[in-house]
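Enquirer: Below you'll find the structure I mean.
The values are calculated or read from the model by the stated rules, or taken from the named source; none is laboratory data. None of these values were measured; they are calculated from a predicted model. Using ideal geometry, Cβ is built from the backbone for each residue, glycine included, and neighbour counts are taken over all protein chains shown.
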């Protein structure tokens, strides 16, 4: 294994907070998106999911989720939050995914 491969593997082991938000017009497409996002994280609001993923899982989510929308009528945003990210939450269902420490 050379230096570049080792660096990629080490980088992929880091976990990132991922936020996915969507506005999907069609009920069937919206239902498929919810099922997709539930495989990676948990719903925090009606159209918002958060997850704690490796870079590789994040890329997998992006590839899968982007295929589920109609770009003419729907919108999808997936944020990869890293480097000193802090999440604050209030109200119902505010428990964290797990203790999140990002170095």
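Enquirer: Going by the structure shown, is residue 97 under 17 Å from residue 16 (Cβ atoms), modelled with pLDDT under 95, part of a loop (DSSP other than H, G, I, E, B) and under 14 Å from the mean Cα position of the chain (by Cα)?
Expert: yes
Enquirer: Being surrounded by 14 or more Cβ atoms within 10 Å (Cβ to Cβ) and more than 11 Å from the chain's Cα centre (by Cα) is the filter here, so list the residues in the stretch 37-63 that pass it.
Expert: Residues satisfying the conditions are 44, 47.
Enquirer: What number of residues in the stretch 24-53 are under 20 Å from residue 14 (Cα atoms) and out of contact with any strand residue (DSSP E or B) (no Cβ under 6 Å at 6 or more places or on another chain)?
Expert: 2
Enquirer: Go through (1) modelled with pLDDT of 95 or more; (2) surrounded by 13 or more Cβ atoms within 10 Å (Cβ to Cβ); (3) under 11 Å from the mean Cα position of the chain (by Cα) for residue 34 and report which single condition fails.
Expert: Single failed check for residue 34: (3).
Enquirer: Next question, about the same structure. Looking at the stretch 67-94, which of the residues that are outside any loop (DSSP other than H, G, I, E, B) and at pLDDT 90 or above is surrounded by the fewest Cβ atoms within 10 Å (Cβ to Cβ)?
Expert: So in the stretch 67-94, the residues outside any loop (DSSP other than H, G, I, E, B) come out as 75-81.
Adding the requirement that they be at pLDDT 90 or above leaves 75-80.
Working: 75: 12, 76: 18, 77: 10, 78: 18, 79: 13, 80: 15.
Checked the stretch 67-94; the qualifying residue surrounded by the fewest Cβ atoms within 10 Å (Cβ to Cβ) is 77.
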